[in-house]
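Have a look at the structure below before the remarks.
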Amino acid sequence: MKSIAVIGAGITGLTTSFLLKDKNLPVELYEASGRPGGVIQSKRQDGYLAEFGPNTLLNTNKKLEYLFKISGLKEHVKFAEHKGDKRFLVRNGKVIAMPSKAFSFFLSSLFSWKAKYNLMMEPFRPRWKNAYEESVAQFVRRRFGDEFLTYAIDALVAGIFAGNPERLSVIHGFPKLYKAEQEYGSMIRAQFLGAKARKKRGETSKQEARILSFDEGLQVMTDTLAQKLGDDFHPNCPVTAITQIPDGWRVTYRQGNDLKQKDHSALLLATSAYAAAQIDLQSTSSFNLNSFSNISYAPVSSVMLGYKREDVGHPLDGFGMLLPGIEKFNILGTLFSSTLFPNRAPQGYVALSSYVGGMRQPELAGLPQDKLFKMVHDDLVKLLKIRGEPVCCISNYYPRAIPQYNVGYGHFKDIVYQLQKDCPGFYIGGNYTRGPALSDNILSGFDFADNIEDYIKTVAPFEV
Ligand SMILES: Cc1cc2nc3c(=O)[nH]c(=O)nc-3n(C[C@H](O)[C@H](O)[C@H](O)COP(=O)(O)OP(=O)(O)OC[C@H]3O[C@@H](n4cnc5c(N)ncnc54)[C@H](O)[C@@H]3O)c2cc1C
């Protein structure tokens, strides 16, 4: 047996490679850039800790804890402070706490009585039986009404996908919501009745799952996994071609000025969709990777501003705030990072991490840094009663941050499915295949490692 190739050292590729190695299977991880982690990058500056990409990870499944245990990450895990459980939404320019219990929902000033009535009626609305694919907006309007879409879901979708609910597909972008309606006939009913099934699967609902990171940010996780791979991690080795050979897969990659090749028994392609589309795939399948270039991505800038605590009028007693598009601010949302993790700012200071751009205002994400800092600061002044100037500013721009699972996304999923079906030992992963959340990608790593192990054992058994 030859080794297994994993292409792309984002969280999917790293998790899969680490788990394969843990199963005593030989693995080689090829990475185009000089560092592991993909979009995960943490930066310490002037006593602040900023995240360029994701800020938090939701502990939705026991497998995550298992990974942390066997990789030695457990001692670095930092669970968010409990006061971070509270979340805020902006309505009429005011930062209002989102109701967390049914009782507080009815007392909240966030929604009108009409919206509250609409929510109460949700369990009595018929389930979707039409053949055409609904957008998130259509789904929410039908089940909860317009106001819930405009004020809650629009902001939530911006927070997860930096996306547009009118374009995102409910079945592909939020498959659990779609399934909840199909299985239980109602989201509210599913919330109660689905709890038992979740427990059986070792899952925790997103509402109950604890938020976590690591002592020096999420990059600790990807650096640690890469370190455990030792010499099997190959940075600065962009893969240019993948060729099916009689007993596996040939990888062509660049190393310095050289073009090299290596043969493998199985292969996981775990890059972004647009990077996969650049790779020349030669296989017996009639499908190739080129059409993944048509998957649209939302551009996002992450902006961390640090302030003196005394200069911020808002108590920052929660996770952060989300902003619906109708409110006409420039930021999509802001995390109260130093409330969640006190070590993100020096004593007596606070760190606020905002995201800008997305499908809502894509043109803002690529603004020059000074303009971006001023724009975010101006919004925060209005919303969080800030009196002074920021003392620390850090930002990062991702022109293609998050893939958009828009209506019609099934076309791309079909290609992923067909390629894997046509090409034994060839697997495709990454956040355009199994969902954008870190937890989705880590869990996919477990699936890939198990599937590849099964494949190797049955089709290409060890030759010793
Ligand atoms: C700004 C931002 C904020 C986010 N916030 C959150 C959050 O708070 N919580 C959350 O759960 N999720 C969040 N996400 C989503 C989550 O971070 C990503 O979905 C996830 O990290 C993507 O991991 P991945 O394995 O798909 O690959 P990526 O991180 O995209 O990595 C792919 C890797 O492949 C490499 N590569 C590309 N081409 C080649 C090639 N030819 N050869 C070899 N290597 C190649 C790249 O260099 C890269 O390292 C956020 C994402 C962004 C961008």
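If a residue has to be within 16 Å of the ligand (Cβ to nearest atom) and not β-branched (Val, Ile, Thr) to count, how many in segment 188-205 make the cut?
Residues of segment 188-205 within 16 Å of the ligand (Cβ to nearest atom): 203-205.
Still in the running and not β-branched (Val, Ile, Thr): 203, 205.
Qualifying residue count for the region: 2.
State all residues of segment 167-176 that are touching a Phe, Trp or Tyr at 6+ places or on another chain (Cβ under 7 Å), assigned to a helix (DSSP H, G or I) and within 16 Å of the ligand (Cβ to nearest atom); if no residue qualifies, say none.
From segment 167-176, those touching a Phe, Trp or Tyr at 6+ places or on another chain (Cβ under 7 Å) are 168-173; that's our starting set.
Retained after the next criterion (residues that are assigned to a helix (DSSP H, G or I)): 170-173.
Once the filter is applied, which keeps residues that are touching a Phe, Trp or Tyr at 6+ places or on another chain (Cβ under 7 Å), assigned to a helix (DSSP H, G or I) and within 16 Å of the ligand (Cβ to nearest atom), segment 167-176 yields 172, 173.
Looking at 217, 145, 159, 185, which one is within 16 Å of the ligand (Cβ to nearest atom) and at positive phi? Spell out how you get there, then give the answer.
On the way: 145 fails: within 16 Å of the ligand (Cβ to nearest atom); 159 fails: at positive phi; 185 fails: within 16 Å of the ligand (Cβ to nearest atom).
Criteria check complete, one pass: 217.
Which of the residues belonging to segment 274-291 are surrounded by 15 or more Cβ atoms within 10 Å (Cβ to Cβ), among the small types (Gly, Ala, Ser) and away from the ligand (no atom under 11 Å from the Cβ)?
Hits for segment 274-291 are 283, 285.
Considering only segment 178-213, state which residues are surrounded by 15 or more Cβ atoms within 10 Å (Cβ to Cβ), farther than 18 Å from residue 319 by Cβ and touching a residue at least 24 places away in the same chain (Cβ under 8 Å).
Those that are surrounded by 15 or more Cβ atoms within 10 Å (Cβ to Cβ), farther than 18 Å from residue 319 by Cβ and touching a residue at least 24 places away in the same chain (Cβ under 8 Å): 178, 181, 185, 186, 187, 188, 189, 203.
Would you confirm whether any residue within segment 67-78 is surrounded by fewer than 24 Cβ atoms within 10 Å (Cβ to Cβ), modelled with pLDDT of 95 or more, in the same structural domain as residue 315 (by TED's automatic domain parsing) and assigned to a strand (DSSP E or B)?
From segment 67-78, those surrounded by fewer than 24 Cβ atoms within 10 Å (Cβ to Cβ) are 67-78; that's our starting set.
With the extra rule that they be modelled with pLDDT of 95 or more, the set shrinks to 67-78.
Narrowing further to those that are in the same structural domain as residue 315 (by TED's automatic domain parsing): 67-78.
Then keep just the ones that are assigned to a strand (DSSP E or B); that gives 77-78.
Yes - at least one qualifying residue is present in segment 67-78.
Restricting to segment 236-253, count the residues that are surrounded by fewer than 22 Cβ atoms within 10 Å (Cβ to Cβ), modelled with pLDDT of 95 or more and more than 9 Å from the ligand (Cβ to nearest atom).
7
Please give the number of the condition residue 64 fails out of (1) in contact with a Leu (Cβ under 7 Å, 6 or more places away or on another chain); (2) within 13 Å of the ligand (Cβ to nearest atom); (3) at pLDDT 95 or above.
(1)
Output the residue which, of all residues in segment 34-61 that are within 12 Å of the ligand (Cβ to nearest atom) and farther than 24 Å from residue 443 by Cβ, is surrounded by the fewest Cβ atoms within 10 Å (Cβ to Cβ).
Taking the candidates together, the pick is 34.
What is the residue count in segment 11-27 for residues that are surrounded by fewer than 24 Cβ atoms within 10 Å (Cβ to Cβ) and within 11 Å of the ligand (Cβ to nearest atom)?
Here the count works out to 0.
How many of the residues in segment 198-213 are outside any loop (DSSP other than H, G, I, E, B) and either closer than 26 Å to residue 98 by Cβ or touching a strand residue (DSSP E or B) at 6+ places or on another chain (Cβ under 6 Å) (or both)?
Step one: of segment 198-213, the residues outside any loop (DSSP other than H, G, I, E, B) are 198-200, 203, 210-213.
Add one more test, that the residue is either closer than 26 Å to residue 98 by Cβ or touching a strand residue (DSSP E or B) at 6+ places or on another chain (Cβ under 6 Å) (or both), and what stays is 198-199, 203, 210-213.
The total comes to 7.
Return the residue satisfying two criteria in turn: it lies in segment 1-10 and is buried (at least 20 other Cβ atoms within 10 Å of the Cβ) and more than 6 Å from the ligand (Cβ to nearest atom), and of such residues it is farthest from residue 402 (Cα to Cα). Before you say what the answer is, go through the steps one by one.
Residues of segment 1-10 buried (at least 20 other Cβ atoms within 10 Å of the Cβ): 4-10.
Going one step further and asking which of them are more than 6 Å from the ligand (Cβ to nearest atom), we end up with 4-6.
Working: 4: 27, 5: 25, 6: 21 Å.
It comes out as 4.
Using the structure shown, decide if residue 271 is modelled with pLDDT under 95, among the β-branched types (Val, Ile, Thr) and within 16 Å of the ligand (Cβ to nearest atom). Explain how you work it out, then say what you get.
Details: modelled with pLDDT under 95: no; among the β-branched types (Val, Ile, Thr): yes; within 16 Å of the ligand (Cβ to nearest atom): yes.
Spelling it out, it is not the case that residue 271 is modelled with pLDDT under 95, among the β-branched types (Val, Ile, Thr) and within 16 Å of the ligand (Cβ to nearest atom).
Go through segment 101-111 and give me each residue that's out of contact with any Phe, Trp or Tyr (no Cβ under 8 Å at 6 or more places or on another chain) and assigned to a helix (DSSP H, G or I). Lay out the reasoning, then the answer.
Residues of segment 101-111 out of contact with any Phe, Trp or Tyr (no Cβ under 8 Å at 6 or more places or on another chain): 101-104, 106-109.
Answer for segment 101-111, where residues must be out of contact with any Phe, Trp or Tyr (no Cβ under 8 Å at 6 or more places or on another chain) and assigned to a helix (DSSP H, G or I): 102, 103, 104, 106, 107.
If residue 152 meets every condition in (1) assigned by TED's automatic domain parsing to the domain that holds residue 176; (2) over 15 Å from residue 321 (Cα atoms) apart from one, which number is that one?
(2)
Give me the residue from segment 254-273 that is of a type in the set (S, T, N, Q) and surrounded by 14 or more Cβ atoms within 10 Å (Cβ to Cβ) and, out of that set, farthest from the chain's Cα centre (by Cα).
Pass one, segment 254-273, residues of a type in the set (S, T, N, Q): 255, 257, 261, 265, 271-272.
In the following step, the residues that additionally are surrounded by 14 or more Cβ atoms within 10 Å (Cβ to Cβ) were identified as 265, 271-272.
Numbers: 265: 30, 271: 14, 272: 12 Å.
This residue is 265.
The values are calculated or read from the model by the stated rules, or taken from the named source; none is laboratory data. On a predicted model such as this, the values are computed, not experimentally measured, just so you know. Please note: Cβ atoms are built from the backbone with ideal geometry, for glycine as well, and neighbour counts cover all protein chains shown.
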